[in-house]
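Report on one structure; see the data block that follows.
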Amino acid sequence: MNQVLQGDHLAKPLRDAVYAIAPGDFAGVARLLGDPLWDALEADYWNASHPLPPQARQALDAYLHLAKTLWHKAGLGQSHPIALYKTTLLSTKAIETALRVLARIYAGCNLGFCSPPPGFWRTVYALTGYVISERFPDRTNRAGLTNQVLQLWLMAWLNPLSLAPGRLPVAVRLVGILCKTCSFTMSSPTHAGSGLAAADLLSDAPPMPFARVPAMWEPIAPLYINAQDAAFTMRELATPPSRHSPSDVYESLLQSALQVGLSTQEMQDFVRRAMREFGYSNARSIPRVGRADSIFAVVGFIECWSALQAQAKPMTPSTSNSFELHKAVVVNHSDGGFLLRFEIQDPLLCVGSLLCLRGSDLEPWTVAAVRWLEDTDGTVMAGCEVFCNYAEARLAQDINTHQHLPILTFIRTDQTHLISPYGQSETQGVSQILVDARYWVVAAATEIGEDWQVCSVLDDTN
């Protein structure tokens, strides 16, 4: 038995079923892909810390081994790397099955903070190019296959947004909504919001959000997703419709969120994060300055609060030991964020982690949040959005429970904002807290992270 399967009781019945698949048994593959044991394996590593602990990593390795073996046993191609036989591209049923297996592989990687196996995206692009080309003979099933391919592209785009607890079912529903308003085009979109993702069909790299396409991008075979109609859909989703004019799209996504336990506010937060990927201000005009600066990072709300508190008063042994410093390298930066590289082996980061960053003890802490992660054998790339360069660590008191809670405050666009522990204050409506003998009226959370939430201050009175 493969080492990654030893001791994993969930993998054994799934493995037996996978090895029983005969080449060309695409109906059997479809049934097997719907087996709930896949979801049980995913649960062993979904929402684990990053990088994955050994037990979670073993479950992910078993999952991917089974999925790639299924690909090979069905006669779709080789397992390492994934490749297509010529006959696969000539059979509609084989292409449909191949896309379903690829989707299963990508779902596992999505939940496990890891990249798909070598050859994965090259295979997706080969299928994409063939399905949308004039050479594809099955016009009846062409729309359905194109829809499947679009969903893979869009899940790559949504990958960093779908890892938070409960977000994946909402992301899948959002992909289902958006793919109906998207189409492939070989012409580069001309303005922000009209393009969602771009890829070089001769590469093995995942599709890039259009907002992050480099200014000097020179692909051999470029293909874009035209998503202008999808951009309007996203705007509608980000702004709840009035009661007098209900939106089927909004209600569909909201119901999906409620079914998995998300609040309306959490669903709205997810959609706002997804909107950033459209890059309404054209990202090609945003300068990204390459750097190689070594910095220190503090991870997590409480540790960030401790670091900012220590910065405001002389360092003492107690404050110096209240937070841990981690080394990172700034790969590049723009006005709104940083691309950081961490060399870490222990669980540390996840999408939505709060960070404090600085180069030396003489510099103020910059507060930022992790928006996406990419792990390659312990080298973790983290895309971070900056909240502010100057924040204060303070204590607040809930006037109803009299409970004290740490908060970070900062001013943006002439309005005071605060970052507080998630779940420690009201997230659904307006609340009131006591800060430095003054009463603050606080709005509902505008963003929810791993262990924190952001709110704006509506009023400040004695």
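The values are calculated or read from the model by the stated rules, or taken from the named source; none is laboratory data. All values reported here derive from a predicted model rather than from experimental measurement. All Cβ positions, even for glycine, are placed from backbone atoms using ideal geometry, and neighbour counts span all protein chains on display. The protein model used for the area step is the full one, side chains on, heavy atoms only, and it has no ligands, DNA or RNA in it. Shrake-Rupley method; radii C 1.70, N 1.55, O 1.52, S 1.80 Å.
Couple of notes before you dig in:
- Sites Ala20 and Glu343, calculated FRET efficiency, Cβ-Cβ separation with R0 45 Å, nearest 0.05: 0.60
- Annotation: lysines with alpha-carbon distance below 19 angstrom to Lys12 (same-chain offsets under eight excluded): Lys68, Lys73.
- Magnitude of the charge dipole for the chain, about its Cα centre and with charges confined to Cβ atoms of Lys, Arg (+1) and Asp, Glu (-1), is about 1300 debye.
- Here the extension length gained between Asn462 and Ala205 equals 86.9 nm, from 0.36 nm per residue of separation less the Cα-Cα distance.
- Inter-part distance, region 73-105 to region 42-69, computed on C-alpha centroids, equals 23 Å.
- Peptide packing for 256-262, 341-347, 382-388, 453-459 was compared via the average number of neighbouring C-beta atoms within 10 Å per residue; ordered from the highest value, the list is 382-388, 453-459, 256-262, 341-347.
- Calculated from backbone phi, Karplus (6.51, -1.76, 1.60) coupling profile of region 436-441 in Hz, x at Gly/Pro: 6, 6, 10, 8, 9, 8
- On the principal axes of its alpha-carbon atoms, region 66-225 has extents of 42, 40, 30 Å, going from largest to smallest.
- Cα-based reach from Lys180 at 26 Å (exclusive), listing lysines while leaving out same-chain residues under 8 positions away: Lys93
- Solvent-accessible area per residue, Å², over the chain with all protein chains present [probe radius 1.4 Å]: 45
- Distance (nanometres) between label positions extended 7 Å along Cα→Cβ at Glu392 and Glu236: 4.4
- Ordering of 324-337, 265-278 by burial proxy (mean other Cβ atoms within 10 Å per residue, highest first): 265-278, 324-337
- Relative to the Cα centre, the charge distribution of region 1-139, modelled as +1 at Lys and Arg Cβ and -1 at Asp and Glu Cβ, gives a dipole magnitude of about 380 debye.
- Accessible carbon and sulfur surface of region 355-462 relative to its total accessible area, %, 1.4 Å: 47
- Ranked packing of 91-100, 61-70, most packed first, by mean Cβ within 10 Å: 61-70, 91-100
- Simple label model, 7 Å out from Cα along Cβ direction - Met275 to Val430, nm: 2.2
- In this rough spin-label picture, where each label sits 7 Å from Cα along the Cβ direction, the Glu251-Glu134 distance is 4.4 nm.
- Those trypsin sites (Lys or Arg not before Pro) in region 101-147 that DSSP places in a loop and that have at most 10 other beta carbons within 10 Å: Arg135
- Karplus-based coupling profile of region 39-49, in residue order and whole Hz: 5, 5, 5, 4, 5, 6, 10, 5, 6, 6, 5, with θ = phi - 60° in 6.51 cos²θ - 1.76 cosθ + 1.60 and x standing for Gly or Pro.
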